[in-house]
1. Restricting everything to alpha-carbon atoms, can you work out Rg to Rh for the stretch 324-452 with a Kirkwood hydrodynamic radius?
2. Could you work out the local net charge near ALA309, counting Lys and Arg as +1, Asp and Glu as -1, over the other residues with Cβ closer than 12 Å to its Cβ?
3. Suppose R0 equals 25 Å. What FRET efficiency, 1/(1 + (r/R0)^6) with r the Cβ-Cβ distance, do THR194 and ASN49 give to the nearest 0.05?
4. Evaluate the relative contact order of the chain (contact order divided by residue number), counting alpha-carbon pairs under 8 angstrom at least 6 apart; express in whole percent.
5. What order do you get for HIS411, HIS257, HIS24, HIS306 when you list them from fewest to most C-beta neighbours inside 10 Å?
6. Nothing charged except the Cβ atoms of Lys and Arg (+1) and of Asp and Glu (-1): what's the magnitude of the dipole of the stretch 24-204 about its Cα centre? Round to the nearest 20 debye.
7. Which whole number of Å³ per residue matches the convex hull of the alpha-carbon atoms in the stretch 108-206?
8. For a Förster distance of 51 Å, can you work out the FRET efficiency between the beta-carbons of SER234 and VAL102, rounded to the nearest 0.05?
Amino acid sequence: MQIKPLFFALLTFFTLHLKAQTPHLKGKVEIIMSTGQITADFTLSNLPNLGKDYQILLNKGFNIKAIKDSTQQSLKYTGYYNGKMRGEGIVYIPQDKNDVLVNPRHLNISYTGAFPIYNGDYNFTDFKGLIAFNGQTLRAAEQSKWYPIIYDVKNDQLIEQVTFDITVSCKEASQIFVNGDMPKPGPIAQFTSTVAIAPLLFVGNYPIQKTNNALFLNTNMNSGQLAIFEANISEIKQYFNKVLGIPYTTKNVFIEHTAIEKFNKGRIWGFASYPTIALAGSNLGETIDEVNKKFKDSTDYPFYAHEIAHYYFGNVLQPNSTLFWFLLESTAEYLSIKASETKFGQSYSSNYYKNAVSNLKEFKVVPLNKVTEINQINGTYRYSYGPLLLRGLEQTVGEKKTFAFLKQCLHTKGQATNYDFLKEQALKSGIDQKEWDNFEKTFVESENVTSLIKY
Ligand SMILES: [Zn+2]
């Protein structure tokens with residue numbers, strides 16, 4: 001069986017939709033493909049008013065030249081010595097004398113750093129947070145913190161999504177792509193987005209293919225393969241629109257890239273930075289069965305459905321708080337099961353639940369209503385066990401009310417996505433108190449629901 005480790009795919013925090021401002025990133029970045037060097041000079045403006053409760057995160061591989069204020073005065077900052085890490089980044093905090101500089105609305109940050117080039121050799125791992133050079137391309141997602149990211153301390157939120165006006169130059173690149181804008185020919189191009197988005201970078205020498213609803217970077221598909229690929233993606237989007245009542249109209253960008261970790265044949269890894277879906281380990285054209293007009297491997301369909309579902313749970317709703325992982329991953333996985341069940345029939349979900357139940361028999365969880373810290377919902381909980389809880393809700397109130405509940409969640413904004421949120425949305429969506437209490441008692445409060453799952 002093909003293993004698709006979604007576990008590593010989205011070790012990221014989608015940002016809360018802040019009622020406050022969205023940061024604007026303006027400036028330039030220069031990339032040298034042959035040495036792996038990245039040099040940037042960015043101005044962050046329109047920063048939300050976070051008082052002293054903010055940090056600036058930047059990938060640990062960079063050295064800061066200077067942090068300046070709006071008058072071009074060089075600021076003092078902590079983190080240059082004995083700095084703390086937050087994920088992939090070192091924490092920098094601008095100082096005013098010996099205290100945190102309050103509410104800088106405008107900051108200029110210049111920095112440089114070089115990253116290893118993996119050309120025929122490998123690291124032990126690859127994941128969304130690495131800055132990956134392979135001699136032909138550079139891949140840097142928002143999670144890598146290749147641009148300065150503001151961390152909102154009080155709300156425990158990374159503000160990764162920004163509006164931007166960025167000039168990217170790379171002498172050795174024939175194509176440059178910044179998520180949120182269209183790919184443009186190198187060696188230098190300007191990219192802008194007036195909507196807040198995660199500016200993933202994909203730069204280098206690669207072909208571009210287009211269909212009506214998607215762009216494919218670094219793929220080599222024939223027209224038949226492209227059409228079948230597009231038809232499958234479009235079918236998934238239509239299904240989600242039907243059950244969730246929100247259309248997904250944005251063009252997807254599919255990036256085929258080479259992981260910097262050795263992948264055994266058959267292993268595919270993907271991650272999403274809406275609306276981009278990046279894939280490693282597979283030649284996309286070869287995954288298509290042109291005769292039967294489908295993916296050769298039937299696990300590809302649920303794989304894409306999961307990534308596409310992140311438009312809804314990850315983008316339309318940007319979870320935070322204690323149930324962050326449940327509302328990000330368990331929902332996306334459950335929606336993927338439903339889309340695939342519609343595509344392949346009841347036998348798909350029967351098999352899915354049968355396998356999940358047998359794999360999770362010994363697994364014990366902290367019940368959702370007792371989760372106090374987001375990482376209590378670990379990888380297995382969020383990707384494998386959480387969907388069983390949603391299946392439990394479906395068993396309790398039916399499919400229709402389960403979708404109504406998910407829909408209701410998507411119509412909220414800026415709320416803390418904790419257990420109270422879950423319950424409140426359930427009751428608002430038409431699930432009555434008795435039904436919820438029943439679900440809570442039977443499924444939520446059980447440390448292991450596998451014996452209750454029907455398949
Ligand atoms: Zn996911």
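1. Details: Rg = 13.8 Å, Rh = 14.8 Å.
With Rh from the inverse mean 1/r over Cα pairs, Rg/Rh is 0.93.
2. -1
3. Details: r = 21 Å, r/R0 = 0.85.
The value I calculate is 0.75.
4. Details: 937 pairs, mean separation 61.6, N = 455.
After rounding, I find 14 percent.
5. Numbers: HIS411 13, HIS257 22, HIS24 18, HIS306 26.
The most exposed by this proxy come first: HIS411, HIS24, HIS257, HIS306.
6. On the way: 17 positive and 16 negative charges, 62 e Å.
Using only the charged Cβ atoms, the result is roughly 300 debye.
7. On the way: hull volume 11.7 nm³, N = 99.
In the stretch 108-206, the Cα convex hull volume per residue is 118 Å³.
8. Values: r = 49 Å, r/R0 = 0.97.
Here the calculated transfer efficiency is 0.55.
Bear in mind that the values in this text are calculations on the coordinates, not laboratory data. A quick note: this is a predicted structure, and the numbers were derived from the prediction, not measured. Don't worry about glycine lacking a Cβ; one is built from the backbone with ideal geometry, like all the others, and counts go over all protein chains shown.
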